Amino acid sequence: MKSIKLSKEITSSFLVVGLAHSNGKLIVESGLAKLDEKKIQAILANLGATGKADEIIKVPYTKPETIIFTGLGESSKSYDHEALRRAAGAAARALEGQKSATFALPANDLAQISAIAEGGALGAYSFTEFRGSTKKEQKAVLQEIEILTSLTSAEAKNLAKRAGILAKNTFIIRDLVNTPPSHLTPAIFSTRMKKIALGLGLKVEILDERALKSKGYGGITGVGQGSANPPRLLRVSYKPAKAKKLIALVGKGITFDTGGLALKPANGMEAMKCDMGGAAAVIATVFAAAELKLPIAIDAWAPLAENMVSDNAQRPSDIVSIYGGKTVEVLNPDAEGRLVLADALMRAAEFAKSSGGLDGIIDVATLTGAQAVALGTRTSAVMTNDFEFSGQFLTAAKKAGEQFWPMPLPEELRASLDSPVADLANIGDRMGGMLVAGLFLREFINPQTPWLHLDIASPAFNEAEPHGYTPVGGTGISLRSLICLLESI
Ligand code: BES
Ligand code: MN
Ligand code: ZN
């Protein structure tokens, strides 16, 4: 996707129009575009159109040459922004191979323009890097998005620009998640991100396996020790001059999770290339925050390791010492995310001390299979020690159009993490496994610091069909919510 612009006139030969339904009737939502309603209703009736979300109907017309009807669902006086976002996204996906399209959807206020711009931009994504001889057969994504609206103020243009920045950085996450572990080791992840960070004028620090070991990062070292691709700890910091607040973002960065000696079944293991989705999300979020010039300081941390099987791999019963000295008995080497996160959470708080401490800390992780059992494949979980902070986040997520839901940290589950030989075990009760993982992480959080734990295990990677603006593979979940949150702080 190259550009998003606002226009009062239709300049493209492809017109995207919304199609809704109400009491069995089809409602054409073409915004400022004037169409021959009678003719269109007849065509749509013949085609059996329903106006349901994710329905796309391409119709030859006269001027413009082609109309792409995109389902909005139940008709409304003021459409839900996420319905607009998804309808625009589904249309953008259907316009693969085209240079430009005019989006004539209800765009009567700034938030609607924003939603159409975001959805359209997010839908114009493909991942073709590893298509060899079949690359030529791949169509290019839609290049130019024109939004038909009478609002072309500077503010509206700024929102279109913001949408472009959100999409571009979401694509960084999707690309990283889609890149297989053969081509994305902890070292490659760090150097690739360093390059982008330096281009944006951000500060970068990368600790290699020797530094990690000597400085006491037992979690990252332990998880990474079974792999020929050694671990890293990446930090990217954004510190605008006028910043009054400092937030730390910490993302799980397992470039591949075999389960280690608790080896996962071969069937489905390929999806574990997504296990660095949290790390990708926090790094891309700090990039987006910098591009948007948000007046808030951010340290993004990515503890990166590959969880492999070898003669060097962690054994069940090994004890590791997390940064700061707390010890953990590794009962299950497949519960590796919490180990690398523990190191990074401790370091993030320590690092912020010299700047007056953290105003909040947020971890993002593809942490547990239990997340999908509890909430399904599209809804992520939020756990917290501060309900004001989680409330603020949930409001931001709603605005961003990402599905997050609050989950508890029941005290009675905490004891299941006790170990007879170390300060803590890395697994506890199986029931409520997502919550137990959250309770584990809480052990590495200063109770005074507002903290959010986002479990994005299943929503980070779409293994089903594409829908709305969401492709198959990496989704880029949590960037937009985090940016909306950071904008609100
Ligand atoms: N990376 C997985 C969690 C996961 C599962 C992410 C499915 C995405 C999709 C994590 O490291 C893991 O293996 N968790 C274990 C924890 C258990 C051993 C306590 C799990 O959920 O089974
Ligand atoms: Mn695992
Ligand atoms: Zn994992």
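The values are calculated or read from the model by the stated rules, or taken from the named source; none is laboratory data. Since this is a predicted model, take the numbers as computed values, not measurements. Glycine also receives a Cβ, built like all others from the backbone with ideal geometry; neighbour counts cover every protein chain displayed. Note: accessible area is taken over every heavy atom of the protein model, side chains too, but ligands, DNA and RNA are not part of it. Shrake-Rupley method; radii C 1.70, N 1.55, O 1.52, S 1.80 Å.
Things to note:
- Solvent-accessible surface of the chain, averaged per residue with a 1.4 angstrom probe and all protein chains in place: 41 square angstrom.
- Considering region 3-152 at the alpha-carbon level, its Rg and Dmax are found to be 15.0, 50 Å.
- Rounded to the nearest 0.05, the FRET efficiency derived from the C-beta distance between I56 and Q448 at R0 = 45 Å is 0.35.
- Size of region 320-374: Rg and Dmax of its alpha carbons, in Å, are 13.6, 41.
- For region 171-488, the fraction of alpha-carbon pairs lying more than 25 Å apart is 42 percent, rounded to a whole number.
- With the simple spin-label model, which puts each label point 7 Å out from Cα in the Cβ direction, the N158 to R430 separation comes to 5.4 nm.
- Pairs beyond 32 Å (Cα-Cα), from K264/K398; K273/K398; K58/K252; K203/K252: K264/K398; K58/K252
- Heavy-atom accessible surface of region 367-472: percent carbon and sulfur, 1.4 Å: 56
- Under the simplified labelling scheme, the V309-E350 pair shows an inter-label distance of 3.4 nm, with each label point 7 Å from Cα along Cα→Cβ.
- Residues F387 and I27, FRET efficiency given R0 of 45 Å [Cβ-Cβ distance, rounded to 0.05]: 0.65
- Mean Cβ neighbour count within 10 Å, used as a protection proxy, ranking 355-365, 16-26, 190-200 highest first: 355-365, 16-26, 190-200
- Rounded D (µm²/s) - region 135-222, Kirkwood Rh over Cα pairs, Stokes-Einstein at 4 °C, 1.567 mPa s: 76
- Antiparallel DSSP beta bridges within the chain, percent to nearest 5: 45
- Value at 222 nm in deg cm²/dmol, rounded to 500, when DSSP H runs of n ≥ 4 in the chain each add -39,500 (n - 2.57): -10500 deg cm²/dmol
- Burial ranking of peptide ranges 215-227, 247-259, 373-385 (average Cβ count within 10 Å, highest at the top): 247-259, 215-227, 373-385
- Normalised contact order of region 198-285, rounded percent, pairs of Cα under 8 Å and 6 or more residues apart: 26
- Per-residue extension of 0.36 nm, minus the Cα-Cα distance of K239 and R210, leaves a gain of 7.6 nm for this segment.
- Protection proxy ranking of 107-113, 175-181 - average other beta-carbon atoms within 10 Å, highest first: 175-181, 107-113
- Reachable aspartates and glutamates, given that their alpha-carbon falls under 19 Å from the alpha-carbon of K38 and they are not under 8 places away in the same chain: E29, E65
- Computed from the C-beta positions of S182 and K38, the FRET efficiency with R₀ = 60 Å rounds to 0.60.
- Among the listed pairs K168/K213; K25/K135; K157/K239; K161/K194; K25/K99, those whose Cα-Cα separation exceeds 31 Å are K168/K213; K25/K135; K25/K99.
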